[in-house]
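Read the structure below first, then the notes.
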Amino acid sequence: MSDTHAQTVAYVRDTMLPPTDPPARETGAVKWVRENLFSSIPYSILTLLALYVVWSVLSGILPWLFGGVWNAPDIRACREILAGAEGGCFAVLTERWNQLLFGIAYPQDGYWRPTLAFVLLFVAAAPLLFAHLPRRLLIVSALYPFIAYWLIWGGTFLIPVVQLAGVVAGYLVYSRLVARGFLTALLGGIVGAALVWWLGGYLTEAMPRFAALEEVPSRNMGGFMLNMILGTICVSLSLPLGILLALGRRSRLPIIKLICVVFIEFIRGVPLITLLFVANVVLAYFLPPGTNFDLILRVIIMITMFASAYIAEVIRGGLAALPKGQYEAADSLGLDYAQSMRLIILPQALKISIPGIVNVAVGLFKDTTLVSIISMFDLVGMIRGPILASTEWNGVYWELWGFAALLFFVVCYGISQYSQWLERQLQTGHH
(Lines give C-alpha, C1' and ligand atoms only; values in the text may rest on other atoms or scores of the structure.)
Protein backbone atom coordinates (compact mmCIF):
# COMPACT_ATOMS: atom_id res chain seq x y z
CA MET A 1 0.00 0.00 0.00
CA SER A 2 1.43 3.36 -0.93
CA ASP A 3 2.12 5.99 1.74
CA THR A 4 -0.49 8.33 0.21
CA HIS A 5 -3.18 5.66 0.39
CA ALA A 6 -2.06 4.57 3.89
CA GLN A 7 -2.97 7.96 5.30
CA THR A 8 -6.63 7.49 4.23
CA VAL A 9 -7.33 4.38 6.40
CA ALA A 10 -7.65 4.19 10.18
CA TYR A 11 -5.31 1.23 10.83
CA VAL A 12 -2.58 -0.57 8.85
CA ARG A 13 -0.90 -3.77 10.23
CA ASP A 14 2.89 -3.54 9.98
CA THR A 15 3.74 -7.06 11.29
CA MET A 16 2.92 -10.54 9.95
CA LEU A 17 0.65 -12.88 11.89
CA PRO A 18 2.44 -16.03 13.17
CA PRO A 19 1.65 -19.19 11.14
CA THR A 20 -0.91 -21.53 12.67
CA ASP A 21 -1.69 -25.20 12.08
CA PRO A 22 -4.57 -26.02 9.72
CA PRO A 23 -7.80 -27.21 11.34
CA ALA A 24 -7.68 -30.80 12.57
CA ARG A 25 -10.39 -31.91 10.10
CA GLU A 26 -8.29 -30.62 7.16
CA THR A 27 -5.10 -32.61 7.69
CA GLY A 28 -3.78 -36.11 8.34
CA ALA A 29 -5.85 -39.21 8.83
CA VAL A 30 -8.95 -37.25 9.81
CA LYS A 31 -8.99 -35.54 6.41
CA TRP A 32 -8.47 -38.84 4.58
CA VAL A 33 -11.27 -40.54 6.50
CA ARG A 34 -13.64 -37.63 5.98
CA GLU A 35 -12.93 -37.35 2.24
CA ASN A 36 -12.76 -41.07 1.41
CA LEU A 37 -15.14 -42.78 3.84
CA PHE A 38 -17.65 -40.18 5.06
CA SER A 39 -17.75 -37.60 2.27
CA SER A 40 -21.56 -37.80 2.02
CA ILE A 41 -24.49 -39.48 3.73
CA PRO A 42 -24.78 -42.38 1.21
CA TYR A 43 -21.03 -42.99 1.38
CA SER A 44 -21.17 -42.92 5.18
CA ILE A 45 -23.95 -45.54 5.20
CA LEU A 46 -21.98 -47.76 2.79
CA THR A 47 -18.86 -47.36 4.92
CA LEU A 48 -20.69 -48.38 8.09
CA LEU A 49 -22.24 -51.39 6.32
CA ALA A 50 -18.83 -52.44 4.97
CA LEU A 51 -17.24 -52.12 8.40
CA TYR A 52 -20.02 -54.25 9.88
CA VAL A 53 -19.49 -56.96 7.25
CA VAL A 54 -15.70 -56.93 7.79
CA TRP A 55 -16.15 -57.11 11.57
CA SER A 56 -18.63 -60.00 11.23
CA VAL A 57 -16.24 -61.98 9.02
CA LEU A 58 -13.12 -61.33 11.12
CA SER A 59 -14.91 -62.05 14.40
CA GLY A 60 -15.65 -65.53 13.07
CA ILE A 61 -12.32 -66.23 11.36
CA LEU A 62 -9.73 -64.81 13.77
CA PRO A 63 -10.72 -66.96 16.83
CA TRP A 64 -10.80 -70.01 14.55
CA LEU A 65 -7.42 -69.07 13.08
CA PHE A 66 -5.52 -68.11 16.25
CA GLY A 67 -7.15 -70.78 18.39
CA GLY A 68 -6.19 -73.62 16.06
CA VAL A 69 -4.22 -76.76 16.91
CA TRP A 70 -0.89 -77.23 15.12
CA ASN A 71 0.38 -80.42 16.77
CA ALA A 72 -1.81 -83.51 16.72
CA PRO A 73 -1.57 -86.95 15.06
CA ASP A 74 -5.15 -86.96 13.68
CA ILE A 75 -8.46 -85.11 13.68
CA ARG A 76 -9.73 -86.94 16.76
CA ALA A 77 -6.75 -85.73 18.79
CA CYS A 78 -7.42 -82.21 17.49
CA ARG A 79 -10.99 -82.32 18.74
CA GLU A 80 -9.86 -83.64 22.13
CA ILE A 81 -7.36 -80.79 22.48
CA LEU A 82 -9.94 -78.20 21.46
CA ALA A 83 -12.47 -79.71 23.89
CA GLY A 84 -15.36 -77.97 22.19
CA ALA A 85 -13.57 -74.65 21.79
CA GLU A 86 -13.57 -72.86 18.46
CA GLY A 87 -10.40 -73.45 16.42
CA GLY A 88 -9.01 -74.99 13.27
CA CYS A 89 -7.16 -78.29 13.02
CA PHE A 90 -4.02 -77.01 11.31
CA ALA A 91 -2.08 -80.06 12.45
CA VAL A 92 -2.95 -81.62 9.09
CA LEU A 93 -0.63 -79.06 7.47
CA THR A 94 2.30 -79.87 9.75
CA GLU A 95 1.70 -83.62 9.41
CA ARG A 96 1.17 -83.74 5.64
CA TRP A 97 3.22 -80.73 4.43
CA ASN A 98 5.53 -82.97 2.43
CA GLN A 99 2.63 -84.54 0.53
CA LEU A 100 1.02 -81.17 -0.12
CA LEU A 101 4.24 -79.76 -1.56
CA PHE A 102 5.99 -82.78 -3.15
CA GLY A 103 3.40 -85.55 -3.51
CA ILE A 104 3.35 -89.00 -1.98
CA ALA A 105 6.02 -90.78 -4.01
CA TYR A 106 8.87 -88.27 -4.38
CA PRO A 107 11.92 -89.44 -2.32
CA GLN A 108 11.95 -87.65 1.01
CA ASP A 109 15.73 -87.41 1.06
CA GLY A 110 15.53 -85.60 -2.27
CA TYR A 111 13.22 -82.75 -1.27
CA TRP A 112 16.20 -80.39 -1.53
CA ARG A 113 16.30 -80.93 -5.28
CA PRO A 114 12.94 -79.36 -6.27
CA THR A 115 13.45 -76.79 -3.51
CA LEU A 116 16.79 -75.75 -5.02
CA ALA A 117 15.23 -75.70 -8.49
CA PHE A 118 12.48 -73.42 -7.14
CA VAL A 119 15.03 -71.01 -5.66
CA LEU A 120 17.08 -70.99 -8.86
CA LEU A 121 13.89 -70.17 -10.77
CA PHE A 122 13.91 -66.67 -9.27
CA VAL A 123 17.59 -66.21 -10.17
CA ALA A 124 16.96 -67.35 -13.76
CA ALA A 125 13.78 -65.32 -14.21
CA ALA A 126 15.18 -62.10 -12.74
CA PRO A 127 17.17 -60.91 -15.83
CA LEU A 128 14.18 -61.72 -18.04
CA LEU A 129 11.76 -59.77 -15.87
CA PHE A 130 13.93 -56.79 -14.88
CA ALA A 131 15.84 -55.07 -17.68
CA HIS A 132 18.22 -53.13 -15.40
CA LEU A 133 19.99 -56.29 -14.17
CA PRO A 134 23.31 -57.28 -15.83
CA ARG A 135 22.74 -59.01 -19.16
CA ARG A 136 25.37 -61.61 -18.28
CA LEU A 137 22.80 -63.20 -15.97
CA LEU A 138 20.95 -64.32 -19.10
CA ILE A 139 23.49 -67.16 -19.22
CA VAL A 140 21.91 -68.47 -16.01
CA SER A 141 18.47 -68.12 -17.60
CA ALA A 142 19.60 -70.14 -20.64
CA LEU A 143 21.13 -72.89 -18.50
CA TYR A 144 18.31 -73.08 -15.95
CA PRO A 145 15.93 -75.42 -17.88
CA PHE A 146 18.64 -78.07 -18.18
CA ILE A 147 19.77 -77.70 -14.55
CA ALA A 148 16.19 -77.81 -13.27
CA TYR A 149 15.47 -80.95 -15.29
CA TRP A 150 18.50 -82.68 -13.82
CA LEU A 151 17.63 -81.62 -10.27
CA ILE A 152 13.97 -82.65 -10.39
CA TRP A 153 14.07 -85.77 -12.55
CA GLY A 154 17.60 -86.90 -11.66
CA GLY A 155 19.72 -89.30 -13.71
CA THR A 156 23.18 -88.72 -15.10
CA PHE A 157 24.39 -85.17 -15.54
CA LEU A 158 25.25 -86.05 -19.13
CA ILE A 159 21.56 -85.92 -20.11
CA PRO A 160 21.15 -82.13 -19.68
CA VAL A 161 24.64 -81.65 -21.15
CA VAL A 162 23.64 -83.55 -24.32
CA GLN A 163 20.35 -81.64 -24.47
CA LEU A 164 22.21 -78.35 -24.22
CA ALA A 165 24.75 -79.44 -26.82
CA GLY A 166 21.93 -80.28 -29.23
CA VAL A 167 20.35 -76.85 -28.78
CA VAL A 168 23.70 -75.13 -29.33
CA ALA A 169 24.42 -77.24 -32.40
CA GLY A 170 20.99 -76.49 -33.84
CA TYR A 171 21.49 -72.76 -33.29
CA LEU A 172 24.92 -72.82 -34.93
CA VAL A 173 23.58 -74.64 -37.99
CA TYR A 174 20.65 -72.24 -38.18
CA SER A 175 22.91 -69.20 -38.01
CA ARG A 176 25.11 -70.58 -40.80
CA LEU A 177 22.17 -71.30 -43.12
CA VAL A 178 19.90 -68.37 -42.33
CA ALA A 179 21.30 -66.42 -45.29
CA ARG A 180 19.88 -69.10 -47.62
CA GLY A 181 16.37 -68.72 -46.27
CA PHE A 182 14.49 -69.08 -43.01
CA LEU A 183 12.90 -72.46 -43.79
CA THR A 184 16.18 -73.98 -44.93
CA ALA A 185 17.95 -72.72 -41.81
CA LEU A 186 15.15 -73.99 -39.56
CA LEU A 187 15.22 -77.48 -41.05
CA GLY A 188 19.02 -77.52 -40.88
CA GLY A 189 18.95 -76.51 -37.23
CA ILE A 190 16.44 -79.23 -36.37
CA VAL A 191 18.51 -81.87 -38.16
CA GLY A 192 21.70 -80.69 -36.47
CA ALA A 193 20.13 -80.78 -33.01
CA ALA A 194 18.57 -84.20 -33.62
CA LEU A 195 21.93 -85.58 -34.78
CA VAL A 196 23.69 -84.40 -31.61
CA TRP A 197 20.93 -85.82 -29.41
CA TRP A 198 21.08 -89.15 -31.25
CA LEU A 199 24.83 -89.42 -30.81
CA GLY A 200 24.61 -88.19 -27.23
CA GLY A 201 22.21 -91.02 -26.44
CA TYR A 202 25.06 -93.49 -26.85
CA LEU A 203 27.20 -91.44 -24.48
CA THR A 204 24.56 -91.35 -21.73
CA GLU A 205 23.96 -95.08 -22.08
CA ALA A 206 27.70 -95.74 -21.78
CA MET A 207 28.05 -93.68 -18.59
CA PRO A 208 24.68 -93.83 -16.78
CA ARG A 209 26.15 -93.09 -13.33
CA PHE A 210 28.27 -90.07 -14.22
CA ALA A 211 27.41 -87.36 -11.64
CA ALA A 212 24.04 -89.04 -11.30
CA LEU A 213 21.17 -88.24 -8.96
CA GLU A 214 18.49 -90.74 -8.05
CA GLU A 215 16.04 -90.97 -10.95
CA VAL A 216 12.45 -90.01 -10.18
CA PRO A 217 9.75 -91.05 -12.68
CA SER A 218 7.21 -88.45 -13.72
CA ARG A 219 4.39 -90.45 -12.14
CA ASN A 220 6.00 -89.77 -8.74
CA MET A 221 5.69 -85.99 -9.16
CA GLY A 222 2.90 -84.42 -7.18
CA GLY A 223 1.72 -81.71 -4.85
CA PHE A 224 2.25 -78.04 -5.45
CA MET A 225 5.56 -78.91 -7.12
CA LEU A 226 3.60 -80.42 -10.03
CA ASN A 227 1.51 -77.25 -10.37
CA MET A 228 4.65 -75.13 -10.44
CA ILE A 229 6.32 -77.38 -13.03
CA LEU A 230 3.31 -77.32 -15.35
CA GLY A 231 2.64 -73.62 -14.87
CA THR A 232 6.23 -72.48 -15.37
CA ILE A 233 6.96 -74.64 -18.41
CA CYS A 234 3.63 -74.07 -20.14
CA VAL A 235 3.69 -70.29 -19.68
CA SER A 236 7.31 -70.14 -20.93
CA LEU A 237 6.51 -72.17 -24.04
CA SER A 238 3.09 -70.78 -24.87
CA LEU A 239 4.25 -67.16 -25.16
CA PRO A 240 6.69 -67.61 -28.10
CA LEU A 241 4.36 -70.13 -29.73
CA GLY A 242 1.47 -67.68 -29.37
CA ILE A 243 3.53 -64.93 -31.02
CA LEU A 244 4.29 -67.19 -33.97
CA LEU A 245 0.63 -68.16 -34.30
CA ALA A 246 -0.46 -64.52 -34.18
CA LEU A 247 2.03 -63.58 -36.89
CA GLY A 248 0.99 -66.61 -38.92
CA ARG A 249 -2.66 -65.66 -38.70
CA ARG A 250 -1.89 -62.22 -40.11
CA SER A 251 0.50 -63.62 -42.72
CA ARG A 252 -0.04 -62.98 -46.44
CA LEU A 253 0.90 -66.59 -47.22
CA PRO A 254 -2.46 -68.40 -47.52
CA ILE A 255 -1.27 -71.86 -46.42
CA ILE A 256 0.50 -70.54 -43.32
CA LYS A 257 -2.51 -68.40 -42.47
CA LEU A 258 -4.92 -71.33 -42.97
CA ILE A 259 -2.89 -73.63 -40.72
CA CYS A 260 -2.71 -71.04 -37.94
CA VAL A 261 -6.42 -70.18 -38.20
CA VAL A 262 -7.48 -73.84 -38.07
CA PHE A 263 -5.18 -74.53 -35.11
CA ILE A 264 -6.34 -71.51 -33.11
CA GLU A 265 -10.04 -71.98 -33.77
CA PHE A 266 -9.95 -75.73 -33.11
CA ILE A 267 -8.05 -75.40 -29.83
CA ARG A 268 -10.25 -72.53 -28.63
CA GLY A 269 -13.33 -74.56 -29.44
CA VAL A 270 -12.33 -77.54 -27.30
CA PRO A 271 -12.39 -77.53 -23.47
CA LEU A 272 -9.06 -78.04 -21.73
CA ILE A 273 -10.45 -81.07 -19.90
CA THR A 274 -11.04 -82.75 -23.26
CA LEU A 275 -7.44 -82.09 -24.29
CA LEU A 276 -6.20 -83.56 -21.00
CA PHE A 277 -8.25 -86.71 -21.57
CA VAL A 278 -6.77 -86.91 -25.07
CA ALA A 279 -3.29 -86.63 -23.58
CA ASN A 280 -4.03 -89.29 -20.96
CA VAL A 281 -6.07 -91.86 -22.88
CA VAL A 282 -6.68 -91.24 -26.57
CA LEU A 283 -3.13 -90.31 -27.56
CA ALA A 284 -1.86 -93.71 -26.41
CA TYR A 285 -3.95 -95.43 -29.11
CA PHE A 286 -2.06 -93.58 -31.85
CA LEU A 287 1.39 -94.46 -30.51
CA PRO A 288 3.26 -97.65 -31.49
CA PRO A 289 2.85 -100.60 -29.08
CA GLY A 290 5.32 -100.44 -26.23
CA THR A 291 5.91 -96.71 -26.60
CA ASN A 292 6.39 -94.97 -23.25
CA PHE A 293 5.44 -91.35 -23.85
CA ASP A 294 5.86 -89.49 -20.58
CA LEU A 295 2.48 -88.38 -19.16
CA ILE A 296 3.77 -85.03 -17.87
CA LEU A 297 5.23 -84.30 -21.30
CA ARG A 298 1.88 -85.10 -22.92
CA VAL A 299 0.07 -82.81 -20.48
CA ILE A 300 2.62 -80.03 -21.04
CA ILE A 301 2.07 -80.26 -24.80
CA MET A 302 -1.71 -80.06 -24.48
CA ILE A 303 -1.76 -77.20 -21.95
CA THR A 304 0.83 -75.29 -24.01
CA MET A 305 -1.25 -75.69 -27.16
CA PHE A 306 -4.34 -74.53 -25.30
CA ALA A 307 -2.68 -71.45 -23.80
CA SER A 308 -0.81 -70.51 -26.99
CA ALA A 309 -4.07 -70.33 -28.96
CA TYR A 310 -5.48 -67.79 -26.50
CA ILE A 311 -2.23 -65.81 -26.30
CA ALA A 312 -2.14 -65.71 -30.11
CA GLU A 313 -5.54 -64.02 -30.16
CA VAL A 314 -4.44 -61.54 -27.48
CA ILE A 315 -1.33 -60.61 -29.46
CA ARG A 316 -3.34 -60.43 -32.68
CA GLY A 317 -5.46 -57.82 -30.97
CA GLY A 318 -2.32 -55.89 -30.10
CA LEU A 319 -1.12 -56.08 -33.70
CA ALA A 320 -4.48 -54.88 -34.98
CA ALA A 321 -4.44 -51.96 -32.52
CA LEU A 322 -1.27 -50.50 -34.04
CA PRO A 323 -1.90 -47.73 -36.57
CA LYS A 324 -1.05 -48.43 -40.18
CA GLY A 325 1.61 -45.74 -40.02
CA GLN A 326 3.84 -47.97 -37.89
CA TYR A 327 3.95 -50.58 -40.65
CA GLU A 328 4.55 -47.90 -43.26
CA ALA A 329 7.32 -46.42 -41.12
CA ALA A 330 9.06 -49.81 -40.98
CA ASP A 331 8.76 -50.13 -44.76
CA SER A 332 10.11 -46.62 -45.29
CA LEU A 333 13.24 -47.52 -43.30
CA GLY A 334 13.97 -50.36 -45.68
CA LEU A 335 13.56 -53.07 -43.03
CA ASP A 336 12.63 -56.57 -44.06
CA TYR A 337 9.71 -58.46 -42.46
CA ALA A 338 11.72 -59.99 -39.61
CA GLN A 339 13.46 -56.71 -38.75
CA SER A 340 10.28 -54.65 -38.80
CA MET A 341 8.48 -57.16 -36.58
CA ARG A 342 11.37 -57.49 -34.13
CA LEU A 343 12.32 -53.83 -33.88
CA ILE A 344 9.09 -51.86 -34.43
CA ILE A 345 5.85 -53.82 -34.53
CA LEU A 346 6.12 -56.57 -31.91
CA PRO A 347 7.50 -54.42 -29.04
CA GLN A 348 4.50 -52.10 -29.32
CA ALA A 349 2.01 -54.93 -29.81
CA LEU A 350 3.35 -56.84 -26.81
CA LYS A 351 3.16 -53.72 -24.63
CA ILE A 352 -0.49 -53.30 -25.57
CA SER A 353 -1.14 -57.00 -24.95
CA ILE A 354 0.40 -57.23 -21.48
CA PRO A 355 -2.92 -57.28 -19.54
CA GLY A 356 -4.36 -59.96 -21.82
CA ILE A 357 -1.22 -62.10 -21.69
CA VAL A 358 -1.13 -61.91 -17.89
CA ASN A 359 -4.79 -62.83 -17.77
CA VAL A 360 -4.10 -65.96 -19.80
CA ALA A 361 -1.03 -66.80 -17.70
CA VAL A 362 -2.96 -66.54 -14.43
CA GLY A 363 -5.79 -68.63 -15.84
CA LEU A 364 -3.33 -71.21 -17.12
CA PHE A 365 -1.67 -71.54 -13.73
CA LYS A 366 -5.02 -72.13 -12.06
CA ASP A 367 -6.01 -74.60 -14.79
CA THR A 368 -3.07 -76.81 -13.83
CA THR A 369 -5.32 -78.12 -11.05
CA LEU A 370 -7.44 -79.83 -13.73
CA VAL A 371 -4.77 -82.53 -14.05
CA SER A 372 -6.23 -84.07 -10.89
CA ILE A 373 -9.11 -85.26 -13.12
CA ILE A 374 -6.73 -87.55 -15.05
CA SER A 375 -5.35 -89.06 -11.82
CA MET A 376 -2.33 -86.81 -11.43
CA PHE A 377 -1.83 -85.93 -7.78
CA ASP A 378 -1.21 -82.22 -7.85
CA LEU A 379 -2.07 -80.06 -4.84
CA VAL A 380 -5.82 -80.43 -5.37
CA GLY A 381 -5.47 -84.11 -6.17
CA MET A 382 -3.47 -84.69 -3.00
CA ILE A 383 -6.14 -82.99 -0.88
CA ARG A 384 -9.05 -84.79 -2.50
CA GLY A 385 -7.27 -88.14 -2.65
CA PRO A 386 -4.70 -89.43 -0.17
CA ILE A 387 -5.28 -86.87 2.59
CA LEU A 388 -9.06 -86.57 2.83
CA ALA A 389 -9.47 -90.27 2.04
CA SER A 390 -7.36 -91.24 5.05
CA THR A 391 -9.06 -92.02 8.34
CA GLU A 392 -6.71 -89.67 10.21
CA TRP A 393 -7.80 -86.46 8.46
CA ASN A 394 -11.19 -87.21 6.95
CA GLY A 395 -13.33 -84.19 7.82
CA VAL A 396 -10.66 -81.47 7.68
CA TYR A 397 -11.68 -79.24 4.78
CA TRP A 398 -11.33 -75.53 5.49
CA GLU A 399 -7.71 -75.80 6.62
CA LEU A 400 -6.58 -77.75 3.54
CA TRP A 401 -8.51 -75.74 0.95
CA GLY A 402 -7.53 -72.49 2.63
CA PHE A 403 -3.87 -73.52 2.41
CA ALA A 404 -4.26 -74.35 -1.30
CA ALA A 405 -6.02 -71.04 -1.95
CA LEU A 406 -3.24 -69.17 -0.14
CA LEU A 407 -0.51 -70.76 -2.28
CA PHE A 408 -2.31 -70.00 -5.54
CA PHE A 409 -3.19 -66.48 -4.40
CA VAL A 410 0.46 -65.68 -3.64
CA VAL A 411 1.61 -66.81 -7.10
CA CYS A 412 -1.24 -65.22 -9.07
CA TYR A 413 -1.10 -61.97 -7.09
CA GLY A 414 2.67 -61.80 -7.67
CA ILE A 415 2.16 -62.22 -11.43
CA SER A 416 -0.51 -59.52 -11.42
CA GLN A 417 1.62 -57.05 -9.47
CA TYR A 418 4.61 -57.61 -11.75
CA SER A 419 2.48 -56.96 -14.85
CA GLN A 420 1.23 -53.67 -13.38
CA TRP A 421 4.79 -52.64 -12.54
CA LEU A 422 5.90 -53.55 -16.08
CA GLU A 423 3.08 -51.48 -17.59
CA ARG A 424 4.23 -48.47 -15.55
CA GLN A 425 7.83 -48.99 -16.65
CA LEU A 426 6.84 -49.17 -20.32
CA GLN A 427 4.48 -46.20 -20.12
CA THR A 428 5.71 -43.78 -22.76
CA GLY A 429 2.58 -41.69 -23.21
CA HIS A 430 2.58 -37.98 -22.29
CA HIS A 431 -0.30 -36.54 -20.32
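Label sites at ALA126 and ARG34, each approximated as a point 7 angstrom past Cα along Cα to Cβ, lie 4.7 nm apart.
Restricted to Cα atoms, the chain shows a radius of gyration and a Dmax of 30.0, 114 angstrom. The candidates ASP336, ASP74, arranged from most to least accessible area with a 1.4 Å probe in the full protein assembly, appear as ASP336, ASP74.
Counting 0.36 nm for each residue step from ARG268 to VAL119 and taking away their Cα separation leaves a gain of 50.2 nm. Kindly provide the Kirkwood hydrodynamic radius of region 282-322 in Å, to one decimal, from all pairs of distinct alpha carbon atoms. With all distinct Cα pairs of region 282-322 included, I get 12.4 Å. Here region 196-260 and region 1-72 have alpha carbon centers that stand 56 Å from each other. Excluding the sites themselves, what is the longest stretch of the chain that contains no trypsin sites (Lys or Arg not before Pro) in a DSSP loop with at most 11 other C-beta atoms within 10 Å? In short, 14-208. Among the lysines of the chain, pairs at least eight places apart or on separate chains and with Cα atoms under 24 Å apart come to 4. Taking all protein chains into account, the per residue accessible area for region 80-237 stands at 57 Å² (1.4 Å probe). Share of carbon and sulfur in the accessible area of the chain stands at 68%, probe radius 1.4 Å.
Long hydrophobic helices in the chain: the complete DSSP H runs spanning 27 Å or more by Cα along their own axis with mean Kyte-Doolittle hydropathy of at least 0.0 are 41-66, 158-177, 182-206, 223-249, 295-321, 346-367, 398-425.
Using a ≥ b ≥ c from the Cα gyration tensor of region 270-413 (square roots of the eigenvalues), is it rounded, prolate or oblate, where a/c under 1.5 gives rounded and otherwise the larger of a/b and b/c decides, a/b for prolate? It is oblate, given that a/c is not under 1.5 and a/b is not larger than b/c. For SER175 and GLU205, the FRET efficiency from 1/(1 + (r/R0)^6), where r spans their Cβ atoms and R0 equals 25 Å, is about 0.25. If the chain linking PHE409 and PHE286 were pulled fully straight, counting 0.36 nm for each residue of separation and taking away their Cα-Cα distance, it would gain 40.4 nm.
Spacing of the modelled spin labels on GLN108 and LEU258, each 7 Å from Cα toward Cβ, amounts to 6.0 nm.
The Cys residues in the chain with no partner Cys Cβ within less than 4.7 Å of their Cβ are CYS234, CYS260, CYS412. Exposed loop sites were defined as GluC sites (Glu not before Pro) in DSSP loop states (anything but H, G, I, E or B) carrying at most 14 other C-beta atoms within 10 Å; in the chain the longest segment without such a site runs 216-431. For region 197-341, the gyration tensor built on C-alpha atoms gives a prolate shape. Its axis ratio a/c (a ≥ b ≥ c) is at least 1.5, and a/b is the larger of a/b and b/c. Taking each DSSP H run with n ≥ 4 as -39500 (n - 2.57) and averaging over every residue of the chain yields -21000 deg cm²/dmol at 222 nm.
Work out the FRET efficiency for VAL168 and LEU388 from their Cβ-Cβ distance, taking R0 = 56 Å, and round it to the nearest 0.05.
So, using R0 = 56 Å, E works out to roughly 0.75.
Note on region 268-346: the C-alpha convex hull projects to 7.5 nm² when averaged across all orientations.
The values are calculated or read from the model by the stated rules, or taken from the named source; none is laboratory data. Keep in mind the model is a prediction, meaning the values are calculated, not measured. Ideal geometry is used to build each Cβ from the backbone, glycine not excepted, and the neighbour counts take in all protein chains shown. Each accessible area value is taken on the protein alone, full model and side chains, heavy atoms only, with ligands, DNA and RNA left out. Shrake-Rupley method; radii C 1.70, N 1.55, O 1.52, S 1.80 Å.
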